[in-house]
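The values are calculated or read from the model by the stated rules, or taken from the named source; none is laboratory data. Note that the structure is a prediction, hence the values are computed from the model and not measured. Glycine gets a Cβ as well: all are built from the backbone with ideal geometry, and neighbour counts include every protein chain shown. Just the protein is used for accessible areas: all its heavy atoms, side chains included, with ligands, DNA and RNA removed. Shrake-Rupley method; radii C 1.70, N 1.55, O 1.52, S 1.80 Å.
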Amino acid sequence: MIIDFHSHILPGIDDGSKDISMTKKMLSMEKNSGIKAIVATPHFYMSEQSLDSFLEKRDRAYEAVKSAAEAEGLDIYTGAEVYFTPSLMDVDLKKLCISGTSYMMVELPYQKLSGNFIRTFKSFVGSVSSEIHLILAHAERYLNFTDEESLYEILDTDILVQLNCGSFKMFSPHLRFMNNLIANGTAHLLGTDCHNITSRAPNMDIARKAIDRKFSHRAFLRMMNNAEEILNGNIIGD
Ligand SMILES: [Fe+2]
């Protein structure tokens, strides 16, 4: 089963789909690339809105697209792309987990990751790990801002790695990094991170073809199986 684990497909909630009409087109594109389930992960910035207000808006947007998704034969799961800040410790993170799971997707700041930041993040991971399983959103993207060594320090925690499908395009600067993670079995999930129907459209095929060619279809399916296990409420190992 092909699952898009990262999307901004819910309308009018963040910088993703702007309305239900665009969402319907995105759903249709997802279906055409063989996708059966989508995890909706709108941005959550704790500094900008309260958790309750975010959840209320997200759930309203979800209700608005549920029937359109069903009509396409697609399942939608609600989650969030949670921007990391130490004050996340003060909220009930279970509410930000992907529906029916203990997995929460976290996004790091787009800057050079200092030793101080890495220590703070590691302490956060350690303090929530008994209840919350973390997924790092589009791990490769941070290499636009920080060095590999710092990023590997983040990955060396109890965190799963999600990669963006679009980063697998030919001549992508992050291919070597991503291929290393796949070769080591430390890339767990794939997401399109789709925001619209043009510049950031659903693009699972880019990753599927690249991984099939470089590794095998089995390597692609391994990541899809991880996604399915998580959505079934199971905990996956490294
Ligand atoms: Fe995203």
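If you take every residue apart from GLU149 with its C-beta less than 13 Å away from the C-beta of GLU149, what net charge results, scoring Lys and Arg +1 and Asp and Glu -1? Let's see the in-between values first.
Values: positive: LYS112; negative: ASP147, GLU148, GLU153, ASP156.
Surrounding charge for GLU149 is -3.
Rounded to the nearest 500, what is the chain's calculated 222 nm mean residue ellipticity when only DSSP H runs of at least 4 contribute -39500 (n - 2.57) each, over all residues?
Numbers: 7 runs with 92 residues, N = 238.
Calculated from helices alone, the mean residue ellipticity at 222 nm is -12500 deg cm²/dmol.
Give me the net charge of ALA61's neighbourhood, meaning all other residues with Cβ under 11 Å from the Cβ of ALA61; Lys, Arg count +1, Asp, Glu -1. Walk me through the numbers before you get to the answer.
Numbers: positive: LYS57, ARG58, ARG60, LYS66; negative: ASP14, ASP19, GLU56, ASP59, GLU63.
Residues near ALA61 contribute -1 overall.
Quickly work out the LYS112-to-LEU55 label distance, labels modelled 7 Å from Cα along the C-beta direction, and quote it in nm with one decimal.
About 3.9 nm separates the two model spin labels.
Karplus couplings for the range 72-82 from phi (6.51 cos²θ - 1.76 cosθ + 1.60, θ = phi - 60°), rounded to Hz, Gly and Pro as x?
Whole-Hz 3J(HN,Hα) from phi for the range 72-82: 8, x, 10, 9, 10, 10, 8, x, 7, 9, 8.
Have a look at LYS214, LYS25, LYS169 and tell me which one the Gaussian network model of the chain (Cα, springs below 10 Å) gives the largest fluctuation.
LYS214
Most mobile of VAL106, VAL82, VAL125 per a Gaussian network model of the chain (Cα springs, under 10 Å)?
The residue that fluctuates most here is VAL125.
With θ taken as phi - 60° and the coefficients 6.51, -1.76 and 1.60, list the Karplus ³J(HN,Hα) couplings across the range 226-237 in order, rounded to whole Hz; mark glycine and proline as x.
4, 4, 5, 4, 4, 5, 7, x, 8, 9, 9, x
Give the accessible surface of the range 2-231 per residue, rounded to a whole number of Å², with probe radius 1.4 Å and ligands, DNA and RNA excluded. Don't skip to the answer; put the middle values down first.
Numbers: 9940 Å² over 230 residues.
Counting only protein heavy atoms, the per-residue value for the range 2-231 is 43 Å².
Considering amide H positions built from the backbone, and no H for Pro or chain starts, which residues 5 or more places from PHE44, or on another chain, come under 5 Å of its amide H?
For PHE44, the qualifying residues are GLU81, VAL82, TYR83.
Among all lysine pairs in the chain that are eight or more places apart or on different chains, how many have alpha carbons less than 20 angstrom apart?
Close lysine pairs found across the chain: 20.
Could you please state how large a percent of the accessible area of the chain is carbon and sulfur, counting protein chains only and using a 1.4 Å probe?
So the carbon and sulfur contribution to the accessible surface is 48 percent.
What residue among ASP156, ASP75, ASP14 has the largest mean-square fluctuation in a Gaussian network model of the chain, using Cα springs under 10 Å?
It is ASP156.
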